[in-house]
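Chemist: The following block contains the structure, expressed as structure tokens.
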Amino acid sequence: MSKNDEISFSKLFWYVVIFSIIGLFVETAYGYFTTGVLESRKGLLIGPFCPVYGVGAMILILATYRYKDSYLKVFLQGALIGGIVEYVLSFILEAIYGIRFWEYSYMKYHLNGRICIVYSIFWGILALILVKFAKPLIDKMIDKIPKRKVIEIVLLSFLILDALVTIWSIITYQNRVIFNKTSKGVRGKIEDTFFSNEVMLKTFPNLRYKTEDGKEIYIRDLI
């Protein structure tokens, strides 16, 4: 295996960052062309990231790169692994935030609304693009980043902060809209300013809340 083929922790981190950004633009464009509505598909409040794509791409590369000489194996492995990753992440994100970021019940051949055959095929195609084209190019770009370790520390710190702020904002949004609970004092002012309904609706327009009877409703419909 050549040096460019090696998959280090540093490169895995950059895969997550880069494909979280690329995934956001792809998801936004796909949403626009399929629904005619241009809306935010972000996964974090502050930065331009859609982490499910970053994590998914990183795992796809790890799982399929060994089969890089076979288009069929890369596609099939990518479709399977991508579907599993999406399903598991759906559970994890719902456990953390208490809501769903995506739902496929309206599509044919879905599994509990968490994954569907169409997106599994997309994952397979994505695996082919990643392994055959994207990884070699991105590896060269990563190797040329100046002061890479410093940038990695700053980026990682920002992502952790962004994740924590996102959790805080969604809990605030949910408490305010669904349970009619608001904070007071300095915390209340911060939440009203940075996590207002307008900000949250613009950033996360498709957040869903699961009621006690298992029914999912859009939080935007409760405002």
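The values are calculated or read from the model by the stated rules, or taken from the named source; none is laboratory data. Just so you know, these numbers come straight off a predicted model, no measurement behind them. So basically every Cβ, Gly included, is an ideal-geometry build from the backbone, and we count neighbours across all protein chains shown.
Chemist: Would you say Ile170 is under 16 Å from the mean Cα position of the chain (by Cα), among the β-branched types (Val, Ile, Thr) and surrounded by 19 or more Cβ atoms within 10 Å (Cβ to Cβ)?
Modeler: Taking the combined requirement at face value, the residue satisfies it.
Chemist: Check Lys135 against each of (1) surrounded by fewer than 13 Cβ atoms within 10 Å (Cβ to Cβ); (2) of a type in the set (Lys, Arg); (3) within 30 Å of Lys68 (Cβ to Cβ) and name the one condition it does not meet.
Modeler: (1)
Chemist: I would also like to ask the following. As an exercise: evaluate Ile18 against (1) buried (at least 16 other Cβ atoms within 10 Å of the Cβ); (2) under 20 Å from Ile99 (Cα atoms) and give the number of the one condition it does not meet.
Modeler: Ile18 satisfies every listed condition except (2).
Chemist: Determine if region 100-120 includes at least one residue that is buried (at least 18 other Cβ atoms within 10 Å of the Cβ), among the aliphatic types (A, V, I, L, M) and part of a helix (DSSP H, G or I).
Modeler: no
Chemist: Moving on to the next point. Among the residues of region 27-44, are any assigned to a loop (DSSP other than H, G, I, E, B) and closer than 20 Å to Ala134 by Cα?
Modeler: No, region 27-44 contains no residue that is assigned to a loop (DSSP other than H, G, I, E, B) and closer than 20 Å to Ala134 by Cα.
Chemist: Restricting attention to region 114-133, which residues are touching a residue at least 40 places away in the same chain (Cβ under 8 Å) and not charged (D, E, K, R)?
Modeler: Answer for region 114-133, where residues must be touching a residue at least 40 places away in the same chain (Cβ under 8 Å) and not charged (D, E, K, R): Ser120, Ile121, Phe122, Trp123, Gly124, Ile125, Leu126, Ala127, Leu128, Leu130, Val131.
Chemist: One residue is enough: does region 216-223 have a residue meeting the conditions surrounded by 12 or more Cβ atoms within 10 Å (Cβ to Cβ), more than 24 Å from the chain's Cα centre (by Cα) and among the β-branched types (Val, Ile, Thr)?
Modeler: Scanning region 216-223 turns up at least one residue that is surrounded by 12 or more Cβ atoms within 10 Å (Cβ to Cβ), more than 24 Å from the chain's Cα centre (by Cα) and among the β-branched types (Val, Ile, Thr).
Chemist: Does Lys202 satisfy the criteria of being of a type in the set (Lys, Arg) and farther than 24 Å from Gly31 by Cα?
Modeler: For Lys202, the condition - of a type in the set (Lys, Arg) and farther than 24 Å from Gly31 by Cα - is not met.
Chemist: Another question about this same structure. Can you tell which of Val165, Val150, Val154, Val186 is hydrophobic (A, V, I, L, M, F, W, C), closer than 30 Å to Ser105 by Cα and either part of a helix (DSSP H, G or I) or under 22 Å from the mean Cα position of the chain (by Cα) (or both)?
Modeler: Val165
Chemist: When the residues of region 84-123 are narrowed to those that are polar (S, T, N, Q) and modelled with pLDDT under 85, which ends up nearest to Thr28 (Cα to Cα)?
Modeler: Ser105
Chemist: Tally up the residues in region 46-83 that are modelled with pLDDT of 90 or more, part of a loop (DSSP other than H, G, I, E, B) and surrounded by fewer than 22 Cβ atoms within 10 Å (Cβ to Cβ), please.
Modeler: 4
Chemist: Among the residues in region 175-183, are any in a strand (DSSP E or B) and free of Cβ contacts under 8 Å to residues at least 40 places away in the same chain?
Modeler: no
Chemist: Tally time: how many residues in region 94-147 are within 27 Å of Thr211 (Cβ to Cβ) and in contact with a His (Cβ under 8 Å, 6 or more places away or on another chain)?
Modeler: The total comes to 2.
Chemist: While we're here: Counting just the residues of region 142-167 that are among the charged types (D, E, K, R) and surrounded by 11 or more Cβ atoms within 10 Å (Cβ to Cβ), which one comes out nearest to Ile18 (Cα to Cα)?
Modeler: Ranking the qualifying residues of region 142-167, first place goes to Glu152.
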